[in-house]
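Below is one structure, written out as structure tokens; the observations come after it.
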Amino acid sequence: AQEVLRVEDLEKHYPIRGGFLSRTDLAIQAVNGVSFSLRRGETLGIVGESGCGKSTVCRTVMKLTEPTGGRIFSMGHDITDLTRAQMRPHRRNLQMVFQDPMSSLNPRMTAEEIVAEPMQVHGTLRGAAARKRVAELLGKVGIARASLGKYPHEFSGGQRQRIAIARALALDPSVIVCDEAVSALDVSIQAQILNLFKELQQDLGLAYLFISHDLAVMEYLCDRVAVMYLGRIVEIAEVARIFSEPKHPYTRALLSSVPRPDPDHDRSGRVVLTGEVPSPIRPPSGCYFRTRCAHATAHCAEVPPPLRTMGPKEKVACHLHDPEARQKMLG
Ligand code: SF4
Ligand code: MG
């Protein structure tokens, strides 16, 4: 399938300004060399603890914040250095759904106006054609025609997220970036919205970049999952492989923290995450995970493990999974 989004060596460092920490040589290293690609009709999930940089990846891909390094390609076009005005034609390909629809939807606009707005701004459709398309889109996401004139506060949380999704669809995007898009919803509503995401994907060939801290959501929705730790991808693979056979010690720890309903699942391999996530201002030398890794050796402190290709669809950044480095660890 066609590549709709590619990110190469993406970096976002925030300088620290003000207060006693005002130092030009210090920066919060939120995203530290992240690369991935997304194909038409595919869902790539990004998981990791809060502060791992997954939201910053979303915001940077959307150009809501400028990257400090690396490149972003939308439909093969390099959009990294484009200005707001130059971004306009590319905006249509790349849309976002946020966690809280109450704050992402204008409270003074009706559902119909909210969904029509992107069409007006981009001049794609107007008048009767626009109204017809808005009703179609809202119908697609399960909002009744009778509710077109209602305001956000008159809808439930789940319905508001449906409206936000209809709005994201208004310009026929190829990619929708979802940052914790179901996290604020009740579990039963979450399932409905996840099913809606799946239906829309099948219908429209959408690709999703889906950020969630909820691993059950990821397992249900994603084709591939990238695991982030301190601004870096430590493992990326097909979802079934990640969940059945996590390879990076951090992925194993992250998955062990989820109670599995499957009684056959081997719980003896549980890994407990101890210690704090190190500061993204001064990450550890070598492997960023070494301060919390039970397998860490001196070699891990000296040499950062590269994200190594292990198979056609999997990469892992850990010396244990590199035969040569493994020798050095033991030796
Ligand atoms: Fe642990 Fe070393 Fe692998 Fe890092 S490289 S995850 S410290 S074993
Ligand atoms: Mg976040």
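When the residues of segment 53-68 are narrowed to those that are part of a loop (DSSP other than H, G, I, E, B) and within 16 Å of ligand 2 (Cβ to nearest atom), which ends up surrounded by the most Cβ atoms within 10 Å (Cβ to Cβ)? It comes out as Gly53.
Considering segment 12-51, the residues that are surrounded by 15 or more Cβ atoms within 10 Å (Cβ to Cβ) and among the acidic types (Asp, Glu) include one that is modelled with the lowest pLDDT, namely Glu49. Here Ala207 meets each of (1) out of contact with any Cys (no Cβ under 8 Å at 6 or more places or on another chain); (2) within 16 Å of ligand 1 (Cβ to nearest atom); (3) at pLDDT 95 or above with one exception, condition (2).
Here Ser50 fulfils each of the conditions (1) outside any loop (DSSP other than H, G, I, E, B); (2) closer than 25 Å to Arg160 by Cβ; (3) touching a residue at least 60 places away in the same chain (Cβ under 8 Å) apart from (1).
Could you tell me which residue of segment 308-323 is nearest to Gly275 (Cα to Cα), considering only residues that are surrounded by fewer than 20 Cβ atoms within 10 Å (Cβ to Cβ) and more than 10 Å from ligand 1 (Cβ to nearest atom)? Here the answer is Arg308. Looking at segment 103-126, which of the residues that are hydroxyl-bearing (Ser, Thr, Tyr) and assigned to a helix (DSSP H, G or I) is nearest to Arg84 (Cα to Cα)? The extreme case among them is Ser104.
Annotation: Arg71 fulfils all but one of (1) of a type in the set (D, E, K, R); (2) more than 24 Å from Tyr220 (Cβ to Cβ); (3) within 16 Å of ligand 2 (Cβ to nearest atom); the unmet one is (3). Restricting segment 281-303 to residues that are under 25 Å from the mean Cα position of the chain (by Cα) and either outside the structural domain of Glu235 (by TED's automatic domain parsing) or surrounded by 17 or more Cβ atoms within 10 Å (Cβ to Cβ) (or both) leaves a set whose member that is farthest from Gln327 (Cα to Cα) is Pro283. Quick check, is Glu42 over 16 Å from Glu8 (Cα atoms), within 16 Å of ligand 1 (Cβ to nearest atom) and assigned by TED's automatic domain parsing to the domain that holds His13? When the stated conditions are applied, Glu42 does not pass them.
Scanning segment 177-204 for residues that are touching a helix residue (DSSP H, G or I) at 6+ places or on another chain (Cβ under 6 Å) and either among the charged types (D, E, K, R) or in the same structural domain as Thr124 (by TED's automatic domain parsing) (or both) turns up just one, Asp179.
Within segment 94-146, being within 14 Å of Gln161 (Cβ to Cβ) and small (Gly, Ala, Ser) holds for Ser103, Ser104, Ala111, Gly142. A single entry from Gly139, Gly123, Gly157 fulfils the requirement of being under 28 Å from Leu44 (Cβ atoms) and surrounded by fewer than 16 Cβ atoms within 10 Å (Cβ to Cβ): Gly157. Applying the set (1) closer than 23 Å to Lys54 by Cβ; (2) at pLDDT below 95; (3) hydrophobic (A, V, I, L, M, F, W, C) to Leu125 leaves exactly one unmet item: (1).
The values are calculated or read from the model by the stated rules, or taken from the named source; none is laboratory data. It should be emphasised that the depicted structure is a prediction, and the values quoted were computed from it without experimental measurement. Glycine gets a Cβ as well: all are built from the backbone with ideal geometry, and neighbour counts include every protein chain shown.
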